[in-house]
Each structure stands twice: as structure tokens, then as C-alpha cells.
1. For the range 256-281, name all the residues that are hydrophobic (A, V, I, L, M, F, W, C), outside any helix (DSSP H, G or I) and either at pLDDT below 95 or crowded, with 21+ Cβ neighbours inside 10 Å (or both).
2. Confirm whether E327 is among the charged types (D, E, K, R) and closer than 21 Å to C122 by Cα.
3. Given the options V100, V180, V129, name the one that is modelled with pLDDT of 95 or more and more than 28 Å from K304 (Cα to Cα).
4. Taking the stated definitions as given, is E318 surrounded by fewer than 21 Cβ atoms within 10 Å (Cβ to Cβ), assigned to a helix (DSSP H, G or I) and acidic (D, E)?
5. Of the residues E99, E130, only one is of a type in the set (D, E) and in a helix (DSSP H, G or I); which?
6. Out of D241, D204, which single residue is farther than 19 Å from K312 by Cβ, touching a Phe, Trp or Tyr at 6+ places or on another chain (Cβ under 9 Å) and modelled with pLDDT of 95 or more?
7. Answer yes if at least one residue in the range 305-312 is part of a helix (DSSP H, G or I) and modelled with pLDDT of 95 or more, and no otherwise.
8. For the range 127-143, how many residues are touching a residue at least 24 places away in the same chain (Cβ under 8 Å) and either hydroxyl-bearing (S, T, Y) or more than 19 Å from R269 (Cβ to Cβ) (or both)?
Amino acid sequence: MVEDPKVKRASRDSGDRQEQPNSLPILNNPPTRRNVMKGIGATLGLAAFGSAIWPLSKIPENVSLDEFLQKHYKELTPEEKEEIFERIAAKTQREYGAEVTIHDPQPIPGVKFAYAINLSKCNGNGKCVEACHKENNHDRAANQSYIRVLEMDRGSLNMDNANSTYDHPVPQPDKFYMPVQCQQCDNPPCVSVCPVEATWKEEDGIVVVDYDWCIGCRYCEAACPYHARRFNWEKAEIEADEINPNQGYLSNRVRPQGVMEKCHFCLHRTRAGRLPACLEACPTGARVFGDINDPESEVAYVVKNKRVFVLKEELGTEPSFYYFFDE
């Protein structure tokens with residue numbers, strides 16, 4: 001006898017897991033939490049909606065029922081989080097052959113992280129890009145990173161004319177170099193457009209993404225004026241011995257295919273009192289990071305005493321990422 005799909009769907013939506021299969025295809029059996037996509041489709045119209053979710057149709061893997069029905073991060077109890085972390089670690093072991101530990105470091109009360117870059121010192125060497133790539137378990141085949149280093153004409157801040165794919169020796173005469181990554185805005189447009197609240201700003205100023213909640217619609221990517229969001233088109237390819245085992249749930253764990261990701265100020269490091277990997281890798285000392293609420297911090301000194309500027313100030317995003325030149 002052929003099972004009535006309407007009856008099956010009603011059983012799933014009621015929360016009854018007893019007779020459900022171990023895995024469900026992403027598109028054929030959307031989970032309760034993703035029913036919001038129906039509302040998006042009604043708002044956008046079929047053509048626009050189809051274009052928005054097209055990347056999801058390219059995901060070949062099945063996702064477990066537990067992953068589908070997982071509650072929003074902010075609703076999870078500590079016990080539920082631990083179960084999820086164990087599940088993620090087991091999946092990484094199974095698929096990549098690497099033993100990892102998933103942490104969930106929380107914002108430090110009273111701390112507001114900020115970044116500053118001395119453009120007089122940056123010479124475009126790209127060591128920050130390499131460090132980000134390795135620290136955050138990016139797909140090796142795509143050579144992805146959260147950082148772009150723009151080669152700019154001296155005397156100009158026109159990012160439209162910048163070169164982000166240079167492969168010649170650096171520094172070049174009459175050029176300067178400007179690394180760009182997530183600006184951790186106080187008024188982040190990416191957050192306001194997310195239809196499922198898969199991204200939000202934490203108390204320490206870091207904008208995060210719950211990869212298990214993201215539906216891959218890419219609205220945040222379109223909304224970000226800094227081109228700081230990345231979409232996972234393919235499953236990450238990383239050798240077991242290259243995987244960074246110290247992973248944060250909201251930061252550098254191996255991300256699923258078909259979701260958005262971004263720089264998170266290496267929160268698995270910075271919330272533990274360490275520096276971002278990109279800063280540690282910088283050979284010229286161009287990068288400054290710390291708690292801007294601490295008047296004794298280096299980043300607070302820079303913002304107070306240097307002629308700093310932020311990118312696209314006219315948009316009102318209020319970045320926590322500053323740039324300056326030596327005078």
C-alpha cells in the first residue's frame with residue numbers, strides 16, 4: 001500500500017519521531033523549522049523564490065532527522081547542546097577520519113571586540129588569508145578564506161577598482177593593501193534580512209551563524225555591502241591531518257554544504273583569551289585586536305588616538321573594524 005504523503009507530513013510535524021526514517025532528503029521532506037520557506041515563496045513569487053533556493057537543489061546528501069528538527073541555538077539547553085556537539089564530532093570522525101572537540105565559548109561579560117589594521121604596515125603578503133584558511137577548516141579545493149586583501153591605488157579608496165586576485169610580487173609601487181573581512185557591524189544588514197534568524201549579533205559584538213539552522217537562501221550575502229559572506233557550494237575537502245580539531249559550534253567547525261558562513265573573529269580563540277589566527281600570522285604587525293571597552297587595550301588606544309576610518313560609513317552599518325595610516 002502506498003503511504004499518503006499528507007499523513008506522513010502531519011505525523012512529522014506533530015513531533016512524532018517513532019516511525020520516521022533515519023534520514024530525509026532536503027527538498028522532498030522539509031523540516032518543520034524550514035516551513036518558513038513557504039512564506040518566503042508566497043512573498044517573492046515562484047520565479048524569485050525558485051532562484052533564491054536553487055543552491056539547495058544541488059545538495060546531494062541526506063541530512064539526519066535530528067539535524068532537521070533541531071531547535072534554534074538560542075532555545076537549546078546545555079544538555080541538548082552537548083548531544084549536538086557529540087553528533088557533530090562523530091560525523092566529522094566518520095566523514096573525515098579526524099577526532100575533533102566542539103566547544104561553545106560564550107561572550108565575556110562587558111567585552112566588546114574590535115579590530116584595527118594599519119594600512120601603512122600591510123604589504124599584501126597574504127599570510128592572514130592563509131592562516132584563516134587553515135584555522136577555520138575551509139575547503140582545500142576552493143582555497144577559501146574569510147579575508148580578501150585588496151590591492152589599491154595610492155590616494156584612492158575606490159574598492160571597485162581594487163585587485164583581489166593579484167599573484168605578482170608585493171608590495172607594488174604606487175599601491176597599498178587593504179584586508180577586508182566581516183566588519184562585525186553594530187547595525188548588520190545581513191542579520192535583518194535573514195528569514196529564519198540563523199544569524200545574529202552577540203553581546204561581544206561578533207555576528208555569528210548557526211550553520212545547522214541556515215537554509216542557504218543567501219539573502220545575507222546579498223545584503224552585506226562588504227562581500228564578507230561565503231556560500232558553501234560543495235562539501236568541504238580536507239585531509240584528516242589538516243583539520244583543526246579545536247572547533248567552535250558557531251565558528252570553525254566543518255560547515256555543511258549549502259549554508260552561509262563568515263568571519264567570526266576566531267571566537268573559539270578570542271573568547272578564551274587568545275588572538276585571532278590572522279593577527280598571529282601577520283609578519284608586519286599591521287593588525288590590532290582587542291576589547292574596545294578596555295581603555296588600556298591596544299585597539300582602544302588606536303581608535304582614540306589615530307585617524308581611523310571605517311568602510312562605507314555612509315551606509316550606517318557601524319562597523320567594529322577600523323583602518324588607519326601612520327601619520
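The values are calculated or read from the model by the stated rules, or taken from the named source; none is laboratory data. Quantities reported herein were computed from a predicted structural model and do not represent experimental measurements. Because the Cβ atoms are built from the backbone with ideal geometry, glycine has one as well, and the counts that use them run over all protein chains shown.
1. Going through the range 256-281, the residues hydrophobic (A, V, I, L, M, F, W, C) turn out to be 259-260, 263, 265-267, 272, 275, 277-279, 281.
So of that shortlist, the ones also outside any helix (DSSP H, G or I) come out as 259-260, 263, 265-266, 272, 275.
If the condition is that a residue be hydrophobic (A, V, I, L, M, F, W, C), outside any helix (DSSP H, G or I) and either at pLDDT below 95 or crowded, with 21+ Cβ neighbours inside 10 Å (or both), then V259, M260, C263, F265, C266 are the ones that fit.
2. On the way: among the charged types (D, E, K, R): yes; closer than 21 Å to C122 by Cα: yes.
Answer is yes for this residue.
3. V100
4. Spelling it out, it is not the case that E318 is surrounded by fewer than 21 Cβ atoms within 10 Å (Cβ to Cβ), assigned to a helix (DSSP H, G or I) and acidic (D, E).
5. None of the others qualify; the one that does is E130.
6. D204
7. The answer is yes, given that some residue of the range 305-312 is part of a helix (DSSP H, G or I) and modelled with pLDDT of 95 or more.
8. Count: 4.
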